[in-house]
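> I'd like to ask you about the structure that follows.
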């Protein structure tokens, strides 16, 4: 397809880069404008003092979706980056002193479960079978086919294929049908944090994440997740996308039948705008009122995924007790979730995640050193002063030393803390959320904000706020779907 039509993509996260690649491949003239000094959005990279930290996502899951994306352009992921399958998938330190290494092999994982509960190996197999069925139906019939409106769900084929997918049941109730042991329940539910939810507010259909975890495997791209962003950037430029960084968009408007994008330095006319900026920010700050589909009251009424208290640390020596992916979990985590969703406050007994890529990749830190980050989910829009940050830092480091045996305090030679305010400043993140709106029942699938603007012709949205939702693979798909809508409308 050849065209002289011009498209501006605002924001260079996974959704924006994906959309730019598909649109350019279809023959549109595409420029991507990014406010930060590199593309990536929340999947940015921090490089200082010979350390390299992924600033956001660090789990490479659903390799089939990444392969599918690159195959759309007759390329393969391995042309750009090398993948390593991790084994164990991750390590869990329970705060009662128990240590669990979760194997990559599902049969071995079942044997591990059996040690905690009689009959759990068989139940684990049943759970994975259900999880795989949910994944296959969900991905093939609902995610990849872009069923984005209620009318898409009334056909007989949808009703037939929706068998066994539970939108109403909560994950906590679903998991309790299989396992009594609270630790096993936690293992089956920890991935909900990636979706911005809790066991009590996330639909049971997300049991599919266990298929992703145990059957499909956990991988690591050499150099970190930012290697994937670099691959997408390279592909976009090969397709002819012009990428402009260090340029913040201040306004999106429509003047005399043409869409306009106003930045710090210029005004650009175009035939369509695809916004990969934070959806809530774009609607409340970038658009004139007459073109706003969802007003501020709407956004303030949403349930938001957590923000994060992030500590990027460069330390001397190896971290023998910390695996590539390490979880530190209290025996009861309900209080932590309550302090995220119900009564916003810093957790007193936090559940948290430690990423130690130096376990797999010696290029992310100087020789004889390790790069890691610690992520504690916290409530969105939780404002912390310097004293609170210092006190919570000490609490987390104390907790890490006590529960993993790794006391880092005298070994730190690089440190940066990143929390809610930084999410607002760097990503224009509404309420400081790290992920967008959570996957609650009323914010899943057709209940998520639409990709086509209802008020402004030629304006579209992509990224984690839209269907299919949160996560790198979902944003890749979101970019593809929005590109199809633009092409359809501009034909």
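Values quoted throughout were computed directly from the atomic coordinates according to the rules given, and no laboratory measurement underlies them. It should be emphasised that the depicted structure is a prediction, and the values quoted were computed from it without experimental measurement. A quick note on method: Cβ atoms are made from the backbone with ideal geometry, for glycine too, and the neighbour counts reach across all protein chains shown.
> How far is it, in nm, from the label point at residue 488 to the one at residue 345 when both lie 7 Å from their Cα along the line to the Cβ?
4.9
> So for the chain, averaging the separation of alpha carbon pairs under 8 Å that are six or more residues apart and normalising by length, what relative contact order in percent results?
Taking the mean separation of contacting Cα pairs over the length of the chain, I get 23 percent.
> May I ask for the distance between the Cα centers of region 1-49 and region 52-89, given as a whole number of Å?
Cα centroid to Cα centroid, the span is 19 Å.
> Let me ask something else about it. Just rank 417, 33, fewest to most, by other beta-carbon atoms within 10 angstrom.
Placing the least packed residue first, the sequence is 417, 33.
> Same structure again: Taking Cα atoms, how many degrees apart are the long axis of helix 106-116 and the longest axis of the chain, rounded to 10 and kept between 0 and 90?
Its long axis makes an angle of about 50 degrees.
> Another question about this same structure. Students often check this: by mean Cβ neighbours within 10 Å, which of 338-344, 256-262 ranks highest, and how do the rest follow?
338-344, 256-262
> When the helix-only estimate is applied to the chain (DSSP H runs of n ≥ 4, each -39,500 (n - 2.57), divided by the residue count), what is the mean residue ellipticity at 222 nm, nearest 500 deg cm²/dmol?
Helix contribution divided over all residues of the chain: -8500 deg cm²/dmol.
> Okay, moving on. Considering only DSSP beta bridges where both residues belong to the chain, give the percentage that are antiparallel (nearest 5).
70
> Give me the number: length gained by fully extending residue 413 to residue 262, i.e. 0.36 nm times residue separation minus the C-alpha to C-alpha distance, one decimal in nm.
Stretched out fully, the residue 413 to residue 262 stretch lengthens by 50.2 nm.
> Kindly state, to the nearest 0.05, the FRET efficiency for residue 80 paired with residue 421, given R0 = 35 Å and r defined as their beta-carbon distance.
Once rounded, the FRET efficiency stands at 0.55.
> May I ask for the distance between the Cα centers of region 188-208 and region 105-145, given as a whole number of Å?
If we compute the Cα centre of each part, the gap is 14 Å.
> What's the extension gain from residue 176 to residue 401 if we count 0.36 nm per residue and subtract their Cα-Cα distance?
So the chain would gain 77.8 nm between residue 176 and residue 401.
> Another question, if that's okay. So if R0 is 25 Å, what FRET efficiency would residue 316 and residue 250 give, r being the distance between their Cβ atoms, rounded to the nearest 0.05?
0.05
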